[in-house]
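Visitor: Can you read through this structure? Questions will come right after.
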Amino acid sequence: MADLWEYRWLLLQGTGMTLLLGITGLVLSLLIGLAGSAARIGGGPIARRIAGGYTTFVRSVPDLCMMLLLFFGGQTLMNKLGAWTGWWEYVEVNAFAAGVITIAFIFGAYMTESFRGAYTSIPKGQFEAAQSLGLTRSQMFRHVTFPQLMGYALPSIGVNWMVLLKTTALVSVLGLHDLVFFGVSAGRSTRNPFAFLIAIMVIYLILTALSDLVLRALERRYTKGRMLRT
Amino acid sequence: MLNRRSLFASAAALMVALGAQAQAEGVLRVAISTGYPPFDVLNADGSYGGFDVEFANLICERMNKTCEFTDIEWDGIIPGLLANKYDVIIASMGINEERMKQVDFSEPYYKGPSALIAKKDAGFTADEAGTEGKAIGVQRATAHECYIGKHMAKADMRQYATSEEAYLDLQAGRIDAVLVDTIPGEEWLKSDPANAEAFAPISADLYDMECFGVGQGIALRKGEDELKAELNAAILKTREDGSYLELSNRYFGRDIYDF
């Protein structure tokens, strides 16, 4: 326990990095998800095929593999390109950016599927009613589609978020120092690994419990107007 | 509009700053991998310690540079060097043929044979016949994998991310022995009286040029001969001015330069 207390600031710092990665990744993946589902539902045949290919491809490749390829492979490619064209000598692929982009790229695929599933759950009558009221496309999206979409998508977004938060632990191979990196390294350095692993677990539990509260509040908000169907 | 424009400008400035920072003059970018006591240690205040880190600082001083450390997982340490994330690896990396296909090395800065550590009453020998069917833990992507494949081919090799995990499974009884570097292995035995009581090296010091090579060296990218010469000169200086001996004595009570 003494070791844990000594390393508390590092663990806190790692938790901050985990949250920063998680939240940035979540926001970006939601944006990708909205765009992807729009392409899958309302896009032309080519857009549909690209979006479909993206979700199928990403969901079938291990996260770690993708992350290593993007970070190390991307850097090597950049270096080679620079040497070949003579335009730059060395441009750093920032570890944080690489981590966030990979996470967003991966979870954007899951979010696409979440939104697509949610969209098909919205009763058709809603769109017909909106059209007959003379709402423009953007009004319809803001006042009719989006609120109900969120209502139906939230449970699945919640599941994705929890998996995403844990996926952030993979970034330690990129040299980013998140909660798991600091915890594991401190555990090895002090030869007291179990205390640190348990601490990591408890911190993740707290984060998960907190996000559960937020999710429930959001769900209440977005399902307020949903009709009870018998 | 103004806001968006200034956002772009600051993003561009940030990217330039990041690119520029990586190539600062007078800085040697050093990769370590903490969690390998007593060589690479993460301190509670977030600073780095251990023999490798202090040795790296001696080297940087003698090159009139400052060390800029990157703490990275062992599995990613060579890819990071090849991708130019840092200039050198000073993390107790053994010089061997397999690694020399990818990277270049300085002269060895310490030499450590390997040892097979097992329960005191384990009753088997560290050769091919003795280890048949025995579960032996090694840190993956190390020279020990090579040694097992060559000299203990009938053993059941178990690979771990670091040797610390291998020790945990040795304590838990899941494996019969661990093959580790002798010096950190001894440190592990000393770190807890319970370890010293239950376990001991059951082999003499093991050597193999092809696997363990000639010792632990500083890894750098191929073709950087100028840097390599500077590193070798700096290592010699630490020997000549006695700073190496002081460091080695402080950590191990002996000179580990030439085991």
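Any read-out appearing in this document is the output of simple, stated calculations on the displayed coordinates, not a laboratory observation. No experiment lies behind these values; they were computed from the predicted model shown. Ideal geometry is used to build each Cβ from the backbone, glycine not excepted, and the neighbour counts take in all protein chains shown.
Visitor: Where does the charge balance sit around A:Ile106 when Lys and Arg score +1, Asp and Glu -1, over other residues with C-beta under 13 Å from its C-beta?
Guide: Around A:Ile106, the surrounding residues sum to 0.
Visitor: Per 10 Å bin from zero, what fraction in whole % of the C-alpha pairs of region B:114-212 is there, up to the bin with the longest pair?
Guide: Result, from short to long distances: 17, 57, 24, 1 percent.
Visitor: Kindly provide the helix-only [θ] at 222 nm of chain B, computed as the sum of -39,500 (n - 2.57) over DSSP H runs of four or more divided by all residues, to the nearest 500 deg cm²/dmol?
Guide: That calculation yields -12000 deg cm²/dmol at 222 nm.
Visitor: Leaving out same-chain residues fewer than 8 places away, which aspartates and glutamates sit with a Cα under 12 Å from that of B:Lys237?
Guide: Filter leaves B:Glu61.
Visitor: Given points 7 Å out from each Cα along the Cα-Cβ axis, report the A:Trp88 to B:Glu25 separation in nanometres with one decimal.
Guide: For the pair A:Trp88/B:Glu25, the computed spacing is 2.2 nm.
Visitor: Here's another thing I want to ask about it. Determine the sum of side-chain charges near B:Ala122: Lys and Arg each +1, Asp and Glu each -1, restricted to other residues whose C-beta is under 15 angstrom from that of B:Ala122.
Guide: -3
Visitor: Compute the signed sum of charges (Lys and Arg +1, Asp and Glu -1) over the other residues within less than 15 Å, Cβ to Cβ, of B:Ser33.
Guide: Around B:Ser33, the charge tally is -3.
Visitor: Could you pull out every Cys in the protein assembly as shown that lacks a partner Cys with its beta carbon under 4.7 Å away?
Guide: A:Cys65
Visitor: If you average 1/r over all unlike Cα pairs in chain B and invert the result, what Kirkwood radius do you get in angstrom?
Guide: One over the average 1/r among Cα pairs gives 19.8 Å for chain B.
Visitor: Now for a separate question. Choose one answer from B:Gly133, B:Gly242, B:Gly213: the residue with the largest mean-square fluctuation in a GNM of chain B with alpha-carbon springs under 10 Å.
Guide: So, out of B:Gly133, B:Gly242, B:Gly213, the one fluctuating most is B:Gly242.
Visitor: Another question about this same structure. Which residues in region B:94-108 place their backbone N less than 20 Å from a point set 7 Å from the Cα of B:Asp225 along the Cα-to-Cβ direction?
Guide: The answer is B:100-108, whose backbone nitrogens lie closer than 20 Å to the label point.
Visitor: Region B:111-170 to region A:147-224: how many Å between their Cα centroids?
Guide: Rounded to whole Å, the Cα centres lie 36 Å apart.
Visitor: Further question on the same structure: Just in region A:1-100: which chymotrypsin sites (Phe, Trp or Tyr not before Pro) are loop by DSSP and have at most 16 other Cβ atoms within 10 Å?
Guide: A:Trp87, A:Trp88, A:Tyr90
Visitor: Lysine pairs in region B:114-212 with alpha-carbon atoms under 20 Å apart, 8 or more places apart or on different chains: how many are there?
Guide: 7
Visitor: If you fit an axis through the alpha-carbon atoms of helix A:146-167 and take the longest principal axis of the Cα set of chain A, what angle between them do you get, 0 to 90°, nearest 10?
Guide: Relative to chain A, helix A:146-167 is tipped by roughly 20 degrees.
Visitor: Ok, one more. Out of residues 5 or more away from B:Gln139 or on other chains, whose amide H comes under 5 Å of its own, with H placed 1.01 Å from N in the peptide plane?
Guide: Amide H neighbours of B:Gln139, under 5 Å, 5+ apart: B:Tyr160.
Visitor: Sticking with this structure for a sec: Given R₀ = 56 Å, what would the calculated FRET efficiency be for A:Thr76 paired with A:Ser132, taking r from the Cβ atoms and rounding to 0.05?
Guide: The pair A:Thr76/A:Ser132 has a calculated efficiency of 0.45.
Visitor: Something else now. Name the trypsin sites (Lys or Arg not before Pro) in region B:154-201 that are in a loop by DSSP and that have at most 16 other C-beta atoms within 10 Å, would you?
Guide: Passing sites in region B:154-201 are B:Lys154, B:Arg174.
Visitor: Over all directions, how big on average is the projection of the convex hull of the alpha-carbon atoms in region A:2-222, in square nanometres?
Guide: Over all viewing directions, region A:2-222 projects a mean Cα-hull area of 15.9 nm².
Visitor: Right, next: Only helical DSSP H runs with n ≥ 4 go in: add -39500 (n - 2.57) per run for chain A, normalise by residue count and round the 222 nm mean residue ellipticity to 500 deg cm²/dmol.
Guide: After summing the helix terms and dividing by residue count, I get -25500 deg cm²/dmol.
Visitor: With a point put 7 Å past each Cα toward its Cβ, work out how far A:Val159 is from B:Met100 in nm, to one decimal.
Guide: It is 5.4 nm.
Visitor: Suppose R0 equals 35 Å. What FRET efficiency, 1/(1 + (r/R0)^6) with r the Cβ-Cβ distance, do B:Ala129 and B:Ala161 give to the nearest 0.05?
Guide: My answer for the efficiency is 0.70.
Visitor: Give the dimensionless ratio obtained when the Cα radius of gyration of the protein assembly as shown is divided by 2.2 N^0.38 Å.
Guide: Taking the Cα Rg and dividing by 2.2 N^0.38 Å, one obtains 1.17.
Visitor: Same structure again: For B:Met93, which sequence-distant residues (separation of 5 or more, or a different chain) have an amide H within less than 5 Å of its own amide H, given hydrogens modelled in the peptide plane?
Guide: Close amide H contacts, sequence-distant or interchain: B:Gly217.
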